[in-house]
Amino acid sequence: MPTQATAPTAESGLMVRAEQVHKSFGPLEVLKGIDLEVRSGEVCCLLGPSGSGKSTFLRCINHLEKIDAGRIWVDGDLIGYRERGGKLHEMRDKEVAAQRQAIGMVFQRFNLFPHMTVLGNVVEAPVLLRRSKKAEARERAAELLERVGLGDKLGAYPGQLSGGQQQRVAIARALAMRPKLMLFDEPTSALDPELVGEVLDTMKDLARDGMTMIVVTHEIGFAREVGDHLVFMDGGVVVEQGDPREVIAAPRHERTKAFLAKVL
Ligand code: ADP
Ligand code: MG
């Protein structure tokens with residue numbers, strides 16, 4: 001059960017605040033007290049070796065994993081818990097679902113519905129979850145697909161698209177819910193090298209439009225160019241963080257140096 005602490009206020013400008021987040025799977029302690037702050041409109045790049053807990057941490061932010069201790073706020077709201085009489089109570093599934101709607105997530109694997117068109121994939125979530133009027137949802141979906149450069153693919157099926165195009169559909173699908181925050185978990189890792197650029201370009205556009213993003217990636221160029229903040233995790237702790245350009249040019253910790261030496 002999370003411990004007591006003070007919520008960030010609206011004036012703080014923080015979109016995400018994580019405080020001493022702990023998470024274990026059985027005897028395996030995966031997150032050992034993660035502190036992290038992401039300001040509204042900021043792109044936070046999360047780097048670290050495989051198994052360091054990056055995906056688990058992202059999943060904790062939208063309560064796909066329940067944390068064992070600590071607290072996470074998104075836009076000032078405590079995630080997954082409600083405070084009553086000085087105590088924390090776990091939210092009901094319906095409340096958690098409402099919180100999750102404000103947080104878009106894009107995975108390594110795009111998980112599009114293969115039997116639905118590109119437009120159908122993007123329309124589906126808002127119509128089902130938000131009870132958007134179908135005509136409005138279709139119009140917005142078409143706009144979003146235009147924005148990610150797929151305005152000419154509305155009637156295509158996922159199987160007819162390249163991996164990069166499918167990932168851009170997945171991004172449009174997440175945006176259809178009008179999220180306040182977007183979480184990307186290695187969005188380009190499953191792509192052929194020549195398709196990575198188009199997905200990163202779409203993410204750059206989003207960043208330029210002011211979307212708050214946490215991006216788990218090994219794309220150092222993206223972190224350097226687009227990132228406002230870089231967090232390096234290893235073994236379930238934040239080892240080092242700061243301005244991406246500074247951390248990449250002159251990492252202070254041995255573990256950061258060793259990791260960057262491998263991916264650069
Ligand atoms: P990363 O994304 O940095 O590669 P993960 O968060 O996926 O790291 O995993 C961190 C550790 O937690 C790994 O050792 C992984 O095997 C373990 N882990 C992740 N999810 C589960 C789970 N649902 N059950 C048990 N162990 C898990
Ligand atoms: Mg991962």
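Quick notes
- Any hit, segment 100-108, residues being open to solvent by less than 20 Å² (accessible area, probe 1.4 Å) and more than 30 Å from Arg224 (Cα to Cα): no
- The residue of segment 13-26 that is farthest from ligand 1 (Cβ to nearest atom), among those that are of a type outside the set (Val, Ile, Thr) and closer than 27 Å to Phe222 by Cα, is Gly13.
- Qualifying residue in segment 60-74 (condition: away from ligand 1 (no atom under 16 Å from the Cβ) and either surrounded by fewer than 14 Cβ atoms within 10 Å (Cβ to Cβ) or small (Gly, Ala, Ser) (or both)): yes
- Complete set of residues in segment 27-37 that are open to solvent by less than 70 Å² (accessible area, probe 1.4 Å) and either of a type in the set (Val, Ile, Thr) or within 13 Å of ligand 1 (Cβ to nearest atom) (or both): Val30, Leu31, Ile34
- Among the candidates Leu161, Leu145, residue that is surrounded by fewer than 20 Cβ atoms within 10 Å (Cβ to Cβ), within 21 Å of Val123 (Cβ to Cβ) and away from ligand 2 (no atom under 16 Å from the Cβ): Leu161
- Counting the residues of segment 18-59 that are in contact (Cβ under 8 Å) with a residue 40 or more places away in the chain and either under 17 Å from Thr212 (Cβ atoms) or of a type outside the set (A, V, I, L, M, F, W, C) (or both) gives 28.
One line per residue, one yes/no per condition, for (1) modelled with pLDDT under 95; (2) under 15 Å from the mean Cα position of the chain (by Cα):
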residue: Met177; (1), (2): yes, yes
residue: Lys180; (1), (2): no, yes
residue: Phe184; (1), (2): no, yes
residue: Arg208; (1), (2): no, no
residue: Met211; (1), (2): no, yes
residue: Arg224; (1), (2): no, no
residue: Val237; (1), (2): no, no
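- Residue satisfying all of: in segment 244-264; over 12 Å from Leu230 (Cβ atoms) and outside any loop (DSSP other than H, G, I, E, B); most open to solvent (accessible area, probe 1.4 Å) among these: Lys262
- Applying the criterion of being open to solvent by 10 Å² or more (accessible area, probe 1.4 Å) and hydroxyl-bearing (Ser, Thr, Tyr) to the residues of segment 38-58, the residue that is farthest from Leu181 (Cα to Cα) is Ser50.
- Residue in segment 117-136 that is in contact with a Pro (Cβ under 8 Å, 6 or more places away or on another chain), within 23 Å of Gln99 (Cα to Cα) and either touching a residue at least 12 places away in the same chain (Cβ under 8 Å) or surrounded by 22 or more Cβ atoms within 10 Å (Cβ to Cβ) (or both) present: yes
- On inspection, Pro187 qualifies as open to solvent by less than 20 Å² (accessible area, probe 1.4 Å) and within 16 Å of ligand 1 (Cβ to nearest atom).
The values are calculated or read from the model by the stated rules, or taken from the named source; none is laboratory data. A quick note: this is a predicted structure, and the numbers were derived from the prediction, not measured. Counting neighbours? That spans all protein chains shown, and the Cβs are built from the backbone with ideal geometry, glycine included. Heads up: the accessible areas ignore ligands, DNA and RNA and are worked out on the full protein's heavy atoms, side chains in. Shrake-Rupley method; radii C 1.70, N 1.55, O 1.52, S 1.80 Å.
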